[in-house]
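J.: Attaching a single structure in structure tokens format; questions to follow.
Nothing in this text is a laboratory measurement; each read-out follows from the coordinates by a stated rule. Predicted, not measured: the structure shown is a model, and the values here were computed from it. We place every Cβ from the backbone using ideal geometry, glycine too, and count neighbours over all the protein chains shown.
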Amino acid sequence: MIVGLALAVAASASTWFYMNWILRPQQIADAIAHGRPRGNLSDLYPRWLGARELLRHGRNPYSAEITREIQQGYYGRPLDPTRSADPKDQQGFAYPAYVVFLMAPTVDLPFNVVQRGFRWLLFMLAIASVLLWLYVLRWKPRCGTKMIFIILMLGWLPLVQSIKLQQLSLLVAGLLAASAACLAGGWLVLAGVLLALATIKPHLTWPLVLWLLLWAISDWRSRRRFVFGFGLFMLLLLAGAELVLPGWLWMFVEGIGQYRQYTHGQSVLSDLFGLIVGRMLWVACFLACAFRLWKLRRKPASSAEFGHAVALALALTVVIIPMAALYNQVLLVPAILALLRSESAGYRILPAVRRARAIGYLLVVWPWIATMGLSLAYLWLTPEMRLRVWTIPLYSSYMAPVLVFGLALLDAWMTLPADPNARAA
């Protein structure tokens, strides 16, 4: 166990070393070489500034004027369409207007203070998410194993990127973990409220929302409180947003359309296999997942099968949403833990599936292997070599979510042991 903890610390530390001493210098050098602007580069900033201007001054956060002010802080200057090297992402306020209610306590604070506080919040959410997902999966590993999971989580490349960018995806992932844990604990109304809050990023939540509503309807008498909590709080969020910014919904839809135009976002499947094949696989993945989740719709939230179903829905989300950003892979955490739980339970599986799992685990741990290697070789790498090798830890970033989803789908078909805590690590 001590060796495992030491390796986990070394792996996580190497990720942070890679981000700060290899990847960041490469990005700075590339920006200087191409004349690209660099400001605070905080994904929290557009939401914070939009909320501040709306709540304090009544200004429309979706307006072109606010977008230019966001660019001034985010990039260091407004983007110039005549400069071909300038970023394409306009960094507009492309969120539902009710995100301002989450930002409201911070709008009177300086942004550097908000940044520091939000960074610590993301660290705490990362730790809590591991423990919450273990609870949802009904897995009780030893304390040392839990510590290894938490340490690895804090140094996992998607999470480190999310913290460095101050991405709200990690906040959403924490809210989803808390919602699922509340369901597993019988706190149905609170679970619905937390799920409604998580819809500040609708594209990350709609598959799970559909599944949980189906699950609730399948046993309406005992689960209807979850639907009431979710539905009523969503109405409050939507109505409150309409009060502070009338007509915001159409502005949001228009903003999303513009965002898709200038980012040309595609799913992981489309990026890997091309647009046509990717869309065919999108449909196949969705239908296969929907078929299995339909079979699991009557499982109680206190069962391990329910936890596996939630994990599967989130793994599906990562591969089908039209955005292949690395930080969104924080949603794979419950699926990865579910696979590890199945390994600890000692199921008999086909040799081909075992080999596929080995490949999947290798893809998941590859960033740690690569960052440890680069960290150890750092002193021997010339600046020119560092600029060439910085992509190595990212090699698995596209295939890992696809294989994790496929393995999670296979795992969801397996019969879990009668004792959900049996043979826990």
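J.: Give, in nm to one decimal, the length gained when the segment between Thr82 and Leu232 is fully stretched (0.36 nm per residue of separation minus the Cα-Cα distance).
T.: This chain segment gains 49.3 nm when fully extended.
J.: Measure off 7 Å from each Cα along the Cα-to-Cβ vector at Asn112 and Val389, then give the distance between these two points in nanometres to one decimal.
T.: In this crude label model, Asn112 to Val389 measures out at 3.5 nm.
J.: On average over all directions, what projected area in square nanometres does segment 1-108 have, based on the convex hull of its Cα atoms?
T.: Dividing the Cα hull surface by four gives the mean projection, 9.7 nm².
J.: Now, a different point. Of the listed peptides 296-302, 113-119, 191-197, 97-103, what is their order by residue-averaged count of other C-beta atoms within 10 Å, with the highest listed first?
T.: Those peptides, ordered most packed to least, come out 191-197, 97-103, 296-302, 113-119.
J.: Under 16 Å Cα to Cα from Lys146, which aspartates and glutamates show up? Leave out anything in the same chain fewer than 8 places away.
T.: Glu343
J.: Moving on. Any of Lys164/Lys295; Lys88/Lys164; Lys164/Lys299 with alpha carbons more than 30 Å apart? Name them for me.
T.: Values: Lys164/Lys295 40 Å; Lys88/Lys164 20 Å; Lys164/Lys299 38 Å.
Over 30 Å apart, Cα to Cα: Lys164/Lys295; Lys164/Lys299.
J.: Next up: What order do you get for 327-335, 32-40, 145-153, 268-276 when each peptide is scored by the mean count of other beta carbon atoms within 10 Å, highest first?
T.: 327-335, 145-153, 268-276, 32-40
J.: Take every Cα-Cα distance within the chain, group them into 10 Å bins from 0 onward, and report for each bin the whole-number percent of pairs it holds.
T.: Values per bin, smallest distances first: 4, 20, 31, 27, 14, 3, 0.
J.: For the chain, modelled as a Gaussian network with Cα springs under 10 Å, which listed residue fluctuates most, Pro207, Pro61, Pro105?
T.: Most flexible of the set in this elastic network: Pro105.
J.: Using Cα pairs closer than 8 Å and at least 6 residues apart in sequence, work out the relative contact order for the chain, in percent.
T.: Computed over the chain, the figure is 21 percent.
J.: Could you calculate the FRET efficiency of Gln72 with Asp271 from 1/(1 + (r/R0)^6), where r is the beta carbon distance between them and R0 is 35 Å, rounded to 0.05?
T.: The formula returns an efficiency of 0.65 here.
J.: So, R0 is 35 Å and r is the distance between the beta-carbons of Asp89 and Arg225; what FRET efficiency does that work out to, to 0.05?
T.: 0.30
J.: Next question, about the same structure. Multiply the residue separation of Leu243 and Phe286 by 0.36 nm, subtract the distance between their alpha-carbon atoms, and state the gained length in nm to one decimal.
T.: Computed gain between Leu243 and Phe286 is 11.8 nm.
J.: Another one. For a Förster distance of 35 Å, can you work out the FRET efficiency between the beta-carbons of Val9 and Ala31, rounded to the nearest 0.05?
T.: Computed FRET efficiency for Val9 and Ala31: 0.65.
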